[in-house]
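Structure record follows, encoded as structure tokens.
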Amino acid sequence: MSVGADSTFDTVLVVDFGAQYAQLIARRVRECHVHSEIVPSTMPVEEMLAKKPKAIILSGGPSSVYADGAPAVGAELFETGVPTFGICYGFQAMTRALGGVVDKTDLSEFGRTELTADIDSVLFEGLPEGLSVWMSHGDSVAQAPAGFKSTASTAGAPVAAFEDTERRLFGVQFHPEVMHTEHGQDLMRRFLYEGAGCRPTWTMVNIVEEQLERIREQIGDKRVICALSGGVDSAVAGALVQRAVGDQLTCVFVDHGLLRKGEADQVEKDFVAITGAKLKVVDAEERFLGALAGVTDPEEKRKIIGREFIRIFEQAAREVVAESGDDGSEVEFLVQGTLYPDVVESGGGTGTANIKSHHNVGGLPDDLQFTLVEPLRELFKDEVRKVGEELGLPPEMVWRQPFPGPGLGIRIIGEVNRERLEILREADAIAREELTRAGLDRDIWQCPVVLLADVRSVGVQGDGRTYGHPVVLRPVSSEDAMTADWSRVPYDVLARISNRITNEVREINRVTLDVTSKPPGTIEWE
Ligand SMILES: Nc1ncnc2c1ncn2[C@@H]1O[C@H](COP(=O)(O)OP(=O)(O)OP(=O)(O)O)[C@@H](O)[C@H]1O
Ligand SMILES: O=c1[nH]c(=O)c2[nH+]cn([C@@H]3O[C@H](COP(=O)(O)O)[C@@H](O)[C@H]3O)c2[nH]1
Ligand SMILES: NC(=O)CC[C@H](N)C(=O)O
Ligand SMILES: [Mg+2]
């Protein structure tokens, strides 16, 4: 897709210094209807300019600008005339490159911080003078470079923002991209529209068109299979690829025996009926349960499931070729509905930690033969839902709650076997039915039901002693699964779920509620 000065949209480069939030910045730019692309801080300036950026944003990062080997920006970047916005580390790097002073003060600021802003400035005009902002820094700008006006301060950072309107250079010590910064998105808008003159013309239609073009370029006239789960992400990824290359695509749905009640039927009914895509259903219960026998470690489970998925896709790919009846070029490509949170949690961001290996990223085997096609890899779930709507997928599909690929396998704490799966399936079906009946499906992001299979507790039922298992209800609300809070489900709904589960599922004699946010908890227990 052509970008640059003659294009219908402007491009902003987000220069990544190893930030927690580089994707979040890119996403905030998209929310302002401006196209964004993340580039590493090691990219030479000429290469950045070749992308004809209308503006540049320098991200945060874990280093100290004065440390040995810390990533730096050359002063030449600021002589190109491209408006630039430095955030946190980016603000400090800009300061240093232009002759200002960055120091380690003893006044670190982490979390919510009160900021006083000069509203007679490009960035803060029209905003309140006092703002609550999100900080995360140990170094501070002690002196702004020549030509800059300081435009905000906090108790720990005398220069918490600055600007040079002549050269169109701006910077802030705090993080406007995080949800907790008041008016953060307004600041983004002020920089993009007023500071840099970007036009708000980048829409979901552009995102879809860009993806279709990329997919066609990548796949050409080759064959491709799509790992289809019935969830939102693979439905949207599959629909995109179907639109891009039509008949070259076959979808493969794996029934690994770790699905919820009724799930397998739904995929055939819904996705195929709506898109007309070719579908192959593989019954692989024996294989997965065999491979998982005796395994209790969560990461080991995830790796096994990731590996088995791929082995099945390889087999399915061979069948697609054999069934095609022509001379049969191999299936080179595998489409997955991978999203950015799957990547970052699997430790795939720049220098980020491995929290858990999502089966479709960190759980993939080393000898993977397919080239992956992952059109949603840079997006967050709510953006994917918008892409799905743009593609005309029905609301029941687009608004479905997430369900993890490893399925109930990571919701049984302990070994996974048929009997335990059956117990959990029943309990899960009851919880889902009652939450739906209470009209809570859209308020709740998802509600895992977790079986503590190795824990037993004493109960009394029908005047007799029971020694059964507890389940945990884990209803959460979230914007993008990166952070979450436990949902305040009304007591009467919880009471109904508890009552029904303990009455209808013989092996369960106790229902508990998980009231942990993320962080520190994750959504799934494993
Ligand atoms: N049972 C399955 N059969 C085939 N592919 C699967 C299956 N489960 C997961 N996948 C693949 O793994 C990817 C990641 O799974 P994930 O659960 O994150 O996404 P999803 O199921 O598409 O959407 P959602 O997050 O709404 O459940 C899917 O997009 C899909 O490509
Ligand atoms: O397809 C998936 N493969 C996985 O391996 C996996 N692990 C977690 N999840 C889903 O991701 C979101 C965040 O979950 P956590 O807070 O548990 O990391 C939640 O929506 C989880 O359901 C997965 N999805
Ligand atoms: N979040 C950041 O970018 C931090 C920048 C730098 N490491 C500091 O502590 O000040
Ligand atoms: Mg899923």
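The values are calculated or read from the model by the stated rules, or taken from the named source; none is laboratory data. Remember, predicted model here, so these are calculated numbers, not experimental data. Counting neighbours? That spans all protein chains shown, and the Cβs are built from the backbone with ideal geometry, glycine included. Remember, those area values only see protein heavy atoms, side chains included, never the ligands or the DNA or RNA. Shrake-Rupley method; radii C 1.70, N 1.55, O 1.52, S 1.80 Å.
A few comments on the model shown:
- In segment 213-236, residue farthest from ligand 3 (Cβ to nearest atom) [restricted to those that are open to solvent by 20 Å² or more (accessible area, probe 1.4 Å) and farther than 20 Å from VAL282 by Cα]: ASP221
- Boolean, THR371 is at pLDDT 90 or above, within 16 Å of ligand 4 (Cβ to nearest atom) and either out of contact with any Cys (no Cβ under 6 Å at 6 or more places or on another chain) or open to solvent by 30 Å² or more (accessible area, probe 1.4 Å) (or both): no
- Just so you know, in segment 293-307 the residues that are over 15 Å from PRO404 (Cα atoms) and in contact (Cβ under 8 Å) with a residue 40 or more places away in the chain include one that is least open to solvent (accessible area, probe 1.4 Å), and it is VAL295.
- The set of residues in segment 257-268 being in contact with a Lys or Arg (Cβ under 8 Å, 6 or more places away or on another chain) and either open to solvent by 20 Å² or more (accessible area, probe 1.4 Å) or near ligand 1 (Cβ under 8 Å from one of its atoms) (or both) consists of ARG260, LYS261.
- Listing of strands (runs of 3 or more DSSP E) fully contained in segment 94-201 that carry 3 or more residues being exposed (fewer than 15 other Cβ atoms within 10 Å of the Cβ) and within 27 Å of the chain's Cα centre (by Cα): 101-117
- Strands (runs of 3 or more DSSP E) within segment 434-490 that include 2 or more residues open to solvent by less than 40 Å² (accessible area, probe 1.4 Å) and of a type in the set (Val, Ile, Thr): 449-451, 464-473
So that you can scan it fast, the table gives a plain yes or no per residue for (1) in a loop (DSSP other than H, G, I, E, B); (2) out of contact with any strand residue (DSSP E or B) (no Cβ under 9 Å at 6 or more places or on another chain):
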{"residue": "LEU13", "(1), (2)": "no, no"}
{"residue": "ALA19", "(1), (2)": "yes, no"}
{"residue": "ILE25", "(1), (2)": "no, no"}
{"residue": "VAL29", "(1), (2)": "no, no"}
{"residue": "SER36", "(1), (2)": "no, no"}
{"residue": "VAL65", "(1), (2)": "yes, no"}
{"residue": "ASP68", "(1), (2)": "yes, yes"}
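- A single member of VAL82, VAL73 is surrounded by fewer than 24 Cβ atoms within 10 Å (Cβ to Cβ) and touching a helix residue (DSSP H, G or I) at 6+ places or on another chain (Cβ under 7 Å), and it is VAL73.
- Residue count, segment 510-526 (criterion: out of contact with any helix residue (DSSP H, G or I) (no Cβ under 6 Å at 6 or more places or on another chain) and not in a loop (DSSP other than H, G, I, E, B)): 4
- Matching option when the condition is touching a residue at least 60 places away in the same chain (Cβ under 8 Å) and crowded, with 21+ Cβ neighbours inside 10 Å, among ALA244, ALA239: ALA239
- On inspection, PHE85 fails the criterion of being within 22 Å of ILE25 (Cα to Cα), aromatic (Phe, Trp, Tyr) and part of a loop (DSSP other than H, G, I, E, B).
- Hits in segment 88-125 (condition: of a type in the set (Lys, Arg) and over 16 Å from PRO176 (Cβ atoms)): ARG96, LYS104
- Hey, VAL45 closer than 24 Å to ALA160 by Cβ, surrounded by fewer than 21 Cβ atoms within 10 Å (Cβ to Cβ) and away from ligand 2 (no atom under 16 Å from the Cβ) or not: no
- Candidates VAL252, VAL267, VAL241: the one that is within 16 Å of ligand 2 (Cβ to nearest atom) and at pLDDT 95 or above is VAL252.
- Residue match in segment 44-66 (condition: over 26 Å from the mean Cα position of the chain (by Cα) and polar (S, T, N, Q)): yes
- Selected residue [touching a His at 6+ places or on another chain (Cβ under 9 Å) and in contact (Cβ under 8 Å) with a residue 60 or more places away in the chain] from SER136, SER132: SER136
- Filter result for VAL505 (of a type in the set (Val, Ile, Thr) and touching an Asp or Glu at 6+ places or on another chain (Cβ under 8 Å)): yes
- Which numbered condition MET397 fails, given (1) within 14 Å of ligand 1 (Cβ to nearest atom); (2) in contact with a Leu (Cβ under 8 Å, 6 or more places away or on another chain); (3) not in a loop (DSSP other than H, G, I, E, B); (4) not acidic (Asp, Glu): (2)
- Check on ARG425, without any contact (Cβ under 8 Å) to a residue 60 or more places away in the chain and within 16 Å of ligand 1 (Cβ to nearest atom): no
- Annotation note: of ASP68, ASP10, ASP6, the sole residue that is within 23 Å of GLY100 (Cβ to Cβ) and either at pLDDT below 95 or out of contact with any helix residue (DSSP H, G or I) (no Cβ under 6 Å at 6 or more places or on another chain) (or both) is ASP68.
- Of the residues making up segment 399-433, not one is in contact with a helix residue (DSSP H, G or I) (Cβ under 6 Å, 6 or more places away or on another chain) and surrounded by fewer than 18 Cβ atoms within 10 Å (Cβ to Cβ).
- Of all residues in segment 353-369 being within 12 Å of ligand 1 (Cβ to nearest atom) and either without any contact (Cβ under 8 Å) to a residue 24 or more places away in the chain or hydrophobic (A, V, I, L, M, F, W, C) (or both), the one that is nearest to GLN23 (Cα to Cα): VAL361
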